[in-house]
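S.K.: Would you mind keeping the following structure in view while I ask a few things?
Quick note: the coordinates plus some simple rules give every number you see, no bench work behind them. Every value quoted in this text rests on a predicted model; they were computed, and no experiment measured them. As a convention, Cβ positions derive from the backbone with ideal geometry for all residues, glycine included, and neighbour counts pool all protein chains shown.
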Amino acid sequence: MKFIEFFERIYVINLPYRVDRRQAMEKELEKARIPFTPGKVELFAAIRPDSAAPFEKIGYKGAFLSHLSVLKLAKEQNLKNVLIMEDDLALSEYFPQYEDVLIEQLHQMNWDIVHFGYFCDQVMNPNQNTFGKLQPLSIGIIGAHFYGVNNKIFDRVIDFFELSLKMPLGHPDCGPISPDGVYNLFQSKNPDVARLISIPSFGGQRSSRSDITPQWFDQLPVLKQFASLTRTLLKT
């Protein structure tokens, strides 16, 4: 079974003005045979707040609100599960080969949240025995660019996101932080949650201008275009 068949809805979070990312993501999905399809694989218009408060950066706030909104939408539509992607996702070359294997494991396992793409400070060395396997996640990871959520955990995750909004920045119980930070703290506060991770990560992030933590040369109109062109040339 393929991802497009297993997940009732797939949302790609994209700021409407980031046409470059939308077009790159469209190619990425077509290559993986997960094309944009109405009612199945759709864009979600990312939220761009007017101010950062109470978050450290406006991009963190936008990402937080966007991921929370997707979860709320999935709950409102009574979806059995949802797969969330960010528009800078770069799928691993191995993903098509192990797509069926990953879904087969989800059918057999109890799961609430599953991360297919991530970055991790702790070294994970996949070998022939672990490659393509889903394992319980017991450590913090970076990245919320490629993950699935089961409907039986929608309420608890949404409540935790909303509670975080009410807390001050730096609060030990969570507070206004990035979505991946919320999921890490959610797991630490809820050890009964079945949070899984794929070995290895099957999704990285493309090199493109970030709206969350932009570089200084992305702030200047003239150099912004040059930076984008340079990134493209470096990959060819």
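S.K.: In sequence order, what are the phi-derived ³J(HN,Hα) couplings for segment 73-83 according to the Karplus relation 6.51 cos²θ - 1.76 cosθ + 1.60 with θ = phi - 60°, rounded to whole Hz, with x for glycine and proline?
M.R.: My calculation for segment 73-83 gives 5, 4, 5, 4, 8, 6, 6, 6, 6, 8, 10 Hz in order.
S.K.: Restricting attention to the alpha-carbon atoms of segment 49-175, what are Rg (one decimal) and Dmax (integer), both in Å?
M.R.: When restricted to Cα atoms, segment 49-175 yields Rg and Dmax of 16.2, 48 Å.
S.K.: For L137, enumerate residues with amide H under 5 Å from its amide H, sequence gap 5+ or separate chain, H modeled in the peptide plane.
M.R.: Counting only residues 5 or more places away or on other chains, the set is R195, L196, I197.
S.K.: Of K31/K80; K2/K31; K57/K166; K27/K133; K27/K57, which ones are farther than 19 Å apart at the Cα?
M.R.: Over 19 Å apart, Cα to Cα: K31/K80; K27/K133; K27/K57.
S.K.: Which peptide among 85-91, 75-81 comes first, and what is the full order, when sorted by highest mean count of other Cβ atoms within 10 Å?
M.R.: Ranked by mean Cβ neighbours within 10 Å, highest first: 85-91, 75-81.
S.K.: Using alpha-carbon pairs under 8 Å, 6+ residues apart, how would you state the relative contact order of segment 125-209 in percent?
M.R.: So the answer I get is 46 percent.
S.K.: From the phi of every residue in segment 45-52, what ³J(HN,Hα) in whole Hz does the Karplus formula 6.51 cos²θ - 1.76 cosθ + 1.60 yield, where θ is phi - 60° and glycine or proline is x?
M.R.: 5, 4, 8, 10, x, 7, 8, 7
S.K.: Work out from phi, with θ = phi - 60° and the Karplus expression 6.51 cos²θ - 1.76 cosθ + 1.60, the ³J(HN,Hα) of each residue of segment 201-206, listed in order in whole Hz, and give x for Gly and Pro.
M.R.: Per-residue couplings from phi come out as 5, 9, x, x, 10, 5 Hz.
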